[in-house]
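This report concerns only the one structure given below.
The values are calculated or read from the model by the stated rules, or taken from the named source; none is laboratory data. Source: prediction; values computed, not measured. Note that we place each Cβ from the backbone using ideal geometry, even for glycine, and neighbour counts take in every protein chain shown.
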Amino acid sequence: MLLPTSDSPSLPDRATQHNASIAAPAGEPEYLSESSPKDRPWDRHRSEADRVASMYLNASGWFHRLGERVEQCSQVLQFAWSPEKETPGALTLKLRQAYFCRVRHCPVCQWRRSLMWIARFLEGAPRLLSQHPKARFIFLTLTRKNVPVGELRSALQEMSDGWGRLSKRKEFSAVLGWLRTVEVTRGRDATAHPHYHALLVVPSDYFRNPEEYLTHAGWTTLWRDSLRLDYDPIVHVTAVKSKCAARSSGRPSKPLLNAARETLKYAVKPADMSADADWFLELTCQLHRCRFIASGGILKNVLRERDEANDDLLLLGDGEGGESPRLYFDWWRPVRRYKRRPFDP
Ligand SMILES: [Zn+2]
């Protein structure tokens, strides 16, 4: 947090005392990461976006235009002081406005999108968990052998068809709902490794019911048959370890939230994007307009997957976003940090 200035509302005494000790000395730049430690990830994601932008800008045509958009993404962040939910009386900096390029592989937008989905999961969870208080959750990863990056699109289409067949099999009939995302990692030999992460909801007695429970070997065979493979694919299946999926507040338990975070994280690791420009540009073409997230059963549309606008990536809370004094932080590329404008407009 920053020492309040004329454009900040007056802070409660406790917050003022705390802030006085961390305010930047006169003449020193005020960095976002120091003023608001919870906002430290901004510097990392915007640095990664610089690398992605230059890879696109070094190419021509459509890629170049993507590069121009990524370059402009989140250059200026407008924050305002807001009451902190967890600590009554304290104020915290909250993002109020920014421009997001919404290019699929922009590391900033990918990060914000993942946070948006987690926020929507948290929003939908109390209702879901009150309707199914004893439900259990499973975290499932389904893979296949690596493919040449130029065949990624057809590989993902096959996986989507395979998932369609899997979800109609009787072994899957105990599953009450599911969320499924795509992740692609880069193989050391510059191949692509597409895989699915899925969060499944099952009835409370699922693990005790031999009619319903599917072992690891059972999932492997089911995915192998559904994807029509001639080898056993690598499959991971883990029960989310919480007897009670909801806390008394209606929020998901910590293990459930961790499994949701793992399911809803990035589609392509930024380190894989910047490892090899040729691989990344081909990946961009292959994944153009591919759907990365799907849902079904009682989790259908909990995340409103198709609903995404600039403001959704701001992650404003209820009633937030109106006019209030703003603090401006600009991306300062030479030092790869967001720095406060000395004089806010
Ligand atoms: Zn962006």
Of the conditions (1) part of a helix (DSSP H, G or I); (2) modelled with pLDDT under 95; (3) basic (K, R), R165 satisfies every one except a single condition; which number is it?
(2)
Pairs please, first residue from the range 163-186 and closer than 15 Å to A259 by Cβ, second anywhere and surrounded by 15 or more Cβ atoms within 10 Å (Cβ to Cβ) and of a type in the set (S, T, N, Q), Cβ atoms under 6 Å, 6+ apart in sequence or on different chains.
L179/T263; L179/S295; T181/T263
Checking the condition in contact (Cβ under 8 Å) with a residue 60 or more places away in the chain, out of contact with any helix residue (DSSP H, G or I) (no Cβ under 6 Å at 6 or more places or on another chain) and aliphatic (A, V, I, L, M), which residue from A98, A90 passes?
A98
Would you call V70 within 16 Å of the ligand (Cβ to nearest atom) and crowded, with 16+ Cβ neighbours inside 10 Å?
yes
Filter result for R96 (modelled with pLDDT under 95, surrounded by 18 or more Cβ atoms within 10 Å (Cβ to Cβ), assigned by TED's automatic domain parsing to the domain that holds N258 and not aromatic (F, W, Y)):
no
Go through the range 232-244 and report how many residues are exposed (fewer than 14 other Cβ atoms within 10 Å of the Cβ) and either in contact with a Lys or Arg (Cβ under 7 Å, 6 or more places away or on another chain) or at positive phi (or both).
1
Kindly provide the set of residues from the range 92-116 that are part of a helix (DSSP H, G or I), of a type in the set (K, R) and either near the ligand (Cβ under 9 Å from one of its atoms) or within 19 Å of S253 (Cα to Cα) (or both), ordered by number.
R112
Cross-chain or 6+ apart pairs with Cβ under 9 Å, the range 57-69 first and more than 21 Å from Q110 (Cα to Cα) and at pLDDT 95 or above, then assigned to a helix (DSSP H, G or I) and within 15 Å of the ligand (Cβ to nearest atom):
N58/G67; A59/L66; A59/G67
Give me a count of the residues in the range 260-307 that are under 26 Å from G61 (Cβ atoms) and of a type in the set (D, E).
4
Of the residues A119, A80, which is modelled with pLDDT under 95, more than 9 Å from the ligand (Cβ to nearest atom) and within 18 Å of the chain's Cα centre (by Cα)?
A119
Does A155 fit the bill of being away from the ligand (no atom under 16 Å from the Cβ), under 23 Å from R289 (Cα atoms) and either among the β-branched types (V, I, T) or assigned by TED's automatic domain parsing to the domain that holds W279 (or both)?
yes
Just a yes or no: is a residue in the range 126-141 outside the structural domain of P233 (by TED's automatic domain parsing), at pLDDT 90 or above and away from the ligand (no atom under 16 Å from the Cβ)?
no
Are any residues in the range 60-85 at positive phi and of a type in the set (S, T, Y), and if so, which ones?
S74
